[in-house]
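Participant: A single structure is presented below for examination.
The values are calculated or read from the model by the stated rules, or taken from the named source; none is laboratory data. All values derive from a computational prediction rather than experimental measurement. Counting neighbours? That spans all protein chains shown, and the Cβs are built from the backbone with ideal geometry, glycine included. Accessible surface is based on the protein model in full, side chains and every heavy atom, while ligands, DNA and RNA are left aside. Shrake-Rupley method; radii C 1.70, N 1.55, O 1.52, S 1.80 Å.
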Amino acid sequence: MTSGPSIQTFLLEAEDLLVSIEETALALSPGQPVGEPIHQLFRAFHTLKGSGAMFGLENVAAFTHRVESLLDGVREGRVPVTTELIDLILRAKDHLEALLATARSPLARREPAPPSDAGQPVAVEPDGTDIAAALEALLTDTSPAEEGKASQLLAPSTHIPNRIAGSLQTYHIRFRPHRGILAAGANPVALLKELRTLGPCQIVADTTAVPALEELQADHCYLAWDVTLVTNAGPDAIKDVFIFVEDGSELSIQPTGPAQSPADPSPVIPSAAVEASAEPPQPSPASCTSAPTTSSANPESPPEPPGKASVPRTRRPAAREASVRVPSSRLDRLVGLVGELVMNQSRLSQVAAGAGVAGLVAPVEELDRLVAELRDNILGIRMMPIGTIFGRLRRLVHDLAAELQKEIDFVAAGEQTELDKTVLDQLGDPLVHILRNSIDHGIEPPADRVRLGKPRRGTIHLTAAHTGSSVVVTIADDGQGIDPAAVRARAIERGLLAPEATLTDTDLRELVLRPGFSTARSVTNVSGRGVGMDVVKRQLDALRGHLALTSQPGHGTTLTLTLPLTLAIIDGLLVEVGSEQFIVPMSVVTETVELAREQRHRRNGRRAIAVRGDLVPYVPLREAFALPDAAPELEKIVITCLGEDRVGLVVDRVLGSRQTVIQSLGRFYEHVGLVSGATILGDGRVALILDVAGLIRATAYHPPSPSHPPRSLPPPTPTTPLTTKHL
Amino acid sequence: MNTLLTDIGQYITFRLGDELFAINVAQVREVLELPPVTKVPTAPDYMRGVVNVRGKAIPVVDLRRKFGLPPTPDTVHSRIVVMELDLDGEPTVIGGIADSVHEVIELEPGQINPPPRIALRWRTDLIQGMGRRGDDFIIILDLARVFSAEDAALVKEPSALATVPA
């Protein structure tokens with residue numbers, strides 16, 4: 001039972017539980033009456049304790065036991081919900097995470113697991129004594145009766161229910177274990193024995209499913225059990241008994257009313273029945289237990305919603321879809337294969353179109369459709385809701401705000417927005433940077449905010465939404481915004497800007513995104529060392545993303561991140577310049593227009609073309625890429641749009657849309673800012689994928705200041721100090 | 001000087017100008033005729049572009065330019081040597097264009113001398129050793145160093161055609 005795979009399963013499950021603990025704890029607010037969140041927390045810790053003990057992780061079990069005791073106190077109303085309590089729960093969660101990491105690392109050493117696990121030294125206080133002490137303190141503050149309990153470590157869930165005050169109740173439990181339960185290492189008899197510790201019970205085995213001897217498989221479990229149990233423990237406690245076997249097993253727990261059922265022949269019943277009948281009858285015995293754990297101890301607590309109460313969910317919604325955990329490397333392999341398939345398909349289509357064989361057209365078209373569907377489905381598997389990283393961010397805001405003595409509300413929306421896992425994995429760090437900046441530089445201390453006539457608590461809004469084939473994430477705070485004058489002074493001080501340079505406010509704000517820049521007056525723990533926003537920008541560039549910043553001094557800053565849905569396969573527009581072909585990501589293309597030779601000469605210091613009344617600057621790719629041959633009479637301009645910026649790319653011909661499997665150009669071309677990757681075309685040639693953001697940056701067109709002559713495109717030099725206005 | 005040289009090794013020889021070079025076969029994946037190369041704009045001169053090697057876009061280095069030799073037009077003998085190198089712990093596939101590729105030879109450790117320190121046109125830190133074959137000397141390259149170095153001009157005297165650092 002303690003073999004590798006099952007402890008791995010436990011660790012994965014524990015991870016989920018810790019995440020849910022964190023979420024739930026962060027949702028608590030001080031002074032809140034005892035309700036479902038507390039129960040959820042209790043159950044999560046309880047599960048951790050039980051499975052921890054089962055896998056021999058004594059330290060995990062012992063530690064969770066203490067937390068559980070405290071939470072039990074909360075459930076019973078002896079310990080109030082305070083900020084201190086919430087912090088303690090969070091710290092306990094962190095400590096558990098560290099404990100689990102150490103439990104994982106020997107495994108990681110045995111098998112080649114991701115190095116991040118084994119490589120990072122885990123900073124664990126050896127036994128989490130200070131947290132434990134704090135837990136005890138909080139508990140004993142209000143109830144000295146809990147002494148000593150924390151030191152004992154018992155088998156899971158035997159003692160807990162006994163402590164729960166509540167009225168006696170009869171339950172009918174039907175348990176039909178999964179056939180393979182014995183092979184999985186569980187022992188139904190032990191479960192039934194554990195059930196007996198909850199109270200007197202009568203167990204009847206149902207043998208109807210046992211087959212004839214010749215069909216009987218010795219290692220299958222054919223039995224089911226009907227149990228009538230009289231207990232004062234709640235349905236949670238009963239459910240907990242079966243917690244490790246409920247997957248695949250059939251389990252129903254029905255309260256049949258207060259314990260005076262005449263049908264119950266149990267010899268122990270009379271005394272219990274007397275005790276029970278002394279209590280007022282339960283309000284709705286059929287559907288609800290009305291939270292027996294809290295009813296006596298905490299009368300003002302609201303009863304649990306009746307619909308939920310009959311069998312509270314311990315881990316996940318009962319009707320969840322079956323899901324499979326698959327290592328992401330397998331998905332990556334699958335995506336790689338689909339990429340090759342798409343490539344071959346486009347070659348096949350091209351050959352079939354040229355071959356002129358009538359019988360070939362229909363099957364190739366059909367194959368085309370199937371491949372496209374397969375591609376969408378496989379890329380869909382890797383899509384994950386962005387909400388999976390919101391929890392971590394919420395925690396960050398909570399911790400940092402406390403550390404900096406600021407009061408901040410974190411409001412997230414669009415958790416369901418889905419992104420490719422590879423994009424998502426790389427999005428966490430930039431978001432952390434941005435939030436740190438907002439909290440440290442943006443939101444003012446409460447006293448200042450009050451003086452400025454703002455609400456005492458600052459707010460950070462995090463929103464995610466789809467637009468076309470991109471995901472837009474905005475982070476908006478209502479802090480002090482970015483003061484252009486301060487940025488300017490700082491940029492001059494840092495040598496990033498010539499003192500005589502005249503810059504627009506927009507330019508100045510963009511300076512914030514450059515390396516080595518920080519306007520924080522003092523270096524704090526959190527930020528101000530001049531790293532941050534440029535890192536964010538670089539990380540987003542690597543993701544083919546785009547970062548825009550707007551700020552209103554005194555009112556706050558908004559950062560807008562535009563990210564591609566996926567990094568693997570995109571729709572592209574194939575264009576040709578001379579003999580070279582390029583792909584423009586379709587997501588940024590808005591239209592194509594013609595550029596005649598006479599229009600080309602009509603420039604006065606800048607190149608722009610009127611598109612539906614707007615002047616759009618354009619870049620001749622032939623010039624930008626120094627291609628040798630001469631331009632044709634009539635050129636095409638592909639108009640691209642990226643955030644606020646629009647730019648036209650002048651090409652010879654537009655060849656149509658192509659499925660584009662993106663390949664990285666690797667380290668030798670990582671400084672090339674104008675292309676972001678390569679793809680193999682149907683005819684086997686390699687086409688480069690244009691980095692429109694890079695092109696826009698390199699051409700740096702600013703409408704309000706036409707005094708600057710158009711420049712030829714230099715190779716991007718990201719670290720040189722800024723002395724002119726190009727960014 | 002290097003553990004690789006303590007055993008009998010197999011080397012692929014290729015020519016740049018009139019000089020014969022060798023690379024350990026363990027670092028060579030295949031040798032291909034020169035396919036159409038897609039140029040990458042604004043990349044350094046010695047980075048010729050990318051080619052399609054069985055569905056993968058592989059960067060291609062013009063070894064002549066990389067080593068600071070005068071460029072010549074490609075010929076029918078020009079080949080791409082596709083190499084698999086471990087650069088800073090990162091497995092990297094890269095193609096190198098050679099004037100011609102010759103044969104696989106075996107060299108015993110005794111046939112390999114450390115690079116002479118004096119009177120050499122070549123930068124010794126990019127050379128693993130000098131293989132002796134009859135009266136000929138073959139330059140055995142330390143490829144990981146060659147491709148990690150920003151400026152890998154092998155020829156010491158500055159030349160107008162030396163590589164331009166990125």
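Participant: Report those strands (runs of 3 or more DSSP E) wholly inside segment A:553-666 carrying at least 2 residues which are of a type in the set (Asp, Glu). Full working, then the answer.
Facilitator: Numbers: elements: A:556-564, A:569-577, A:580-585, A:589-596, A:608-611, A:614-620, A:634-642, A:645-651, A:653-661.
Correct list: A:569-577, A:589-596.
Participant: In addition: If you scan segment B:13-67, which residues turn out to be more than 13 Å from chain A (Cβ to nearest Cβ), among the acidic types (Asp, Glu) and in a strand (DSSP E or B)?
Facilitator: B:Glu19, B:Glu30, B:Glu33
Participant: Could I ask something else about it? Picking from B:Ile112, B:Ile94, which residue would you name as being farther than 29 Å from B:Val53 by Cβ and surrounded by 20 or more Cβ atoms within 10 Å (Cβ to Cβ)? Spell out how you get there, then give the answer.
Facilitator: Working: B:Ile94 fails: farther than 29 Å from B:Val53 by Cβ.
The unique qualifying residue is B:Ile112.
Participant: Does A:Gly682 meet the test of being in contact with a Lys or Arg (Cβ under 6 Å, 6 or more places away or on another chain), open to solvent by less than 40 Å² (accessible area, probe 1.4 Å) and of a type outside the set (Val, Ile, Thr)? Reasoning before the result, please.
Facilitator: Details: in contact with a Lys or Arg (Cβ under 6 Å, 6 or more places away or on another chain): yes; open to solvent by less than 40 Å² (accessible area, probe 1.4 Å): yes; of a type outside the set (Val, Ile, Thr): yes.
Considered against the rule, which asks whether it is in contact with a Lys or Arg (Cβ under 6 Å, 6 or more places away or on another chain), open to solvent by less than 40 Å² (accessible area, probe 1.4 Å) and of a type outside the set (Val, Ile, Thr), A:Gly682 comes out as yes.
Participant: Would you check which residues across segment B:68-89 are within 12 Å of chain A (Cβ to nearest Cβ) and either touching a Phe, Trp or Tyr at 6+ places or on another chain (Cβ under 8 Å) or on the phi < 0 side of the Ramachandran plot (or both) and list them? Show your work before the answer.
Facilitator: To start, the set of residues in segment B:68-89 that are within 12 Å of chain A (Cβ to nearest Cβ) comprises B:85, B:87-89.
Of everything in segment B:68-89, those that are within 12 Å of chain A (Cβ to nearest Cβ) and either touching a Phe, Trp or Tyr at 6+ places or on another chain (Cβ under 8 Å) or on the phi < 0 side of the Ramachandran plot (or both) turn out to be B:Leu85, B:Leu87.
Participant: For segment A:667-679, what are the residues that are facing chain B (nearest Cβ under 7 Å), buried (at least 18 other Cβ atoms within 10 Å of the Cβ) and not in a strand (DSSP E or B)? Please lay out each step first, then the result.
Facilitator: Step one: of segment A:667-679, the residues facing chain B (nearest Cβ under 7 Å) are A:667-669, A:671-672, A:674-675, A:678.
Within this subset, residues satisfying the condition of being buried (at least 18 other Cβ atoms within 10 Å of the Cβ) are A:668-669, A:672, A:674-675, A:678.
A:Phe668, A:Tyr669, A:Val672, A:Leu674 - these are the residues of segment A:667-679 that are facing chain B (nearest Cβ under 7 Å), buried (at least 18 other Cβ atoms within 10 Å of the Cβ) and not in a strand (DSSP E or B).
Participant: If the Cβ limit is 9 Å and pairs must be 6+ apart or interchain, which residue in segment A:616-645 that is open to solvent by 70 Å² or more (accessible area, probe 1.4 Å) pairs with which residue that is at pLDDT below 80 and assigned to a strand (DSSP E or B)?
Facilitator: A:Glu633/A:Ala596; A:Leu634/A:Ala596
Participant: Considering every residue within segment A:427-436, establish whether at least one is out of contact with any strand residue (DSSP E or B) (no Cβ under 9 Å at 6 or more places or on another chain) and under 13 Å from A:Ile460 (Cβ atoms).
Facilitator: Kept after step one, since they are out of contact with any strand residue (DSSP E or B) (no Cβ under 9 Å at 6 or more places or on another chain), are these residues of segment A:427-436: A:428-429, A:432-433, A:436.
The next check asks that each one be under 13 Å from A:Ile460 (Cβ atoms); those that pass are A:432, A:436.
Checking segment A:427-436: at least one residue is out of contact with any strand residue (DSSP E or B) (no Cβ under 9 Å at 6 or more places or on another chain) and under 13 Å from A:Ile460 (Cβ atoms).
Participant: Could I ask something else about it? Name the residue, out of A:Pro714, A:Pro706, that is at pLDDT below 80 and open to solvent by 80 Å² or more (accessible area, probe 1.4 Å).
Facilitator: On the way: A:Pro714 fails: open to solvent by 80 Å² or more (accessible area, probe 1.4 Å).
Unique residue meeting the criteria: A:Pro706.
Participant: Next question, about the same structure. Given the criteria assigned by TED's automatic domain parsing to the domain that holds A:Leu100, among the hydrophobic types (A, V, I, L, M, F, W, C) and farther than 22 Å from A:Ala237 by Cβ, does A:Leu41 qualify?
Facilitator: On the way: assigned by TED's automatic domain parsing to the domain that holds A:Leu100: yes; among the hydrophobic types (A, V, I, L, M, F, W, C): yes; farther than 22 Å from A:Ala237 by Cβ: no.
Taking the combined requirement at face value, the residue does not satisfy it.
Participant: Please go through segment A:299-344 and pick out each residue that is small (Gly, Ala, Ser), at pLDDT below 50 and either surrounded by 14 or more Cβ atoms within 10 Å (Cβ to Cβ) or within 26 Å of the chain's Cα centre (by Cα) (or both). Reasoning before the result, please.
Facilitator: Going residue by residue through segment A:299-344, those that are small (Gly, Ala, Ser) are A:301, A:307, A:309-310, A:318-319, A:322-323, A:328-329, A:336, A:339.
Next, from what is left, pick out any that are at pLDDT below 50: A:301, A:307, A:309-310, A:318.
Answer for segment A:299-344, where residues must be small (Gly, Ala, Ser), at pLDDT below 50 and either surrounded by 14 or more Cβ atoms within 10 Å (Cβ to Cβ) or within 26 Å of the chain's Cα centre (by Cα) (or both): A:Ser301, A:Ala309, A:Ser310, A:Ala318.
Participant: Which residues, counting only those in segment A:458-477, are open to solvent by 40 Å² or more (accessible area, probe 1.4 Å) and either out of contact with any Pro (no Cβ under 8 Å at 6 or more places or on another chain) or at pLDDT 90 or above (or both)? Before the answer, list the steps.
Facilitator: First, the residues of segment A:458-477 that are open to solvent by 40 Å² or more (accessible area, probe 1.4 Å): A:461, A:463, A:465-469.
Hits for segment A:458-477 are A:His461, A:Thr463, A:Ala465, A:His466, A:Thr467, A:Gly468.
Participant: Right, here's the next one. Given the criterion modelled with pLDDT of 85 or more, more than 10 Å from chain B (Cβ to nearest Cβ) and over 25 Å from A:Val342 (Cβ atoms), identify the matching residue among A:Asp652, A:Asp629.
Facilitator: Working: A:Asp629 fails: modelled with pLDDT of 85 or more.
Selected residue: A:Asp652, the only one of A:Asp652, A:Asp629 that is modelled with pLDDT of 85 or more, more than 10 Å from chain B (Cβ to nearest Cβ) and over 25 Å from A:Val342 (Cβ atoms).
Participant: Working only within segment A:527-547, note down all residues that are open to solvent by 20 Å² or more (accessible area, probe 1.4 Å) and modelled with pLDDT under 65.
Facilitator: Result: A:Arg529, A:Val531.
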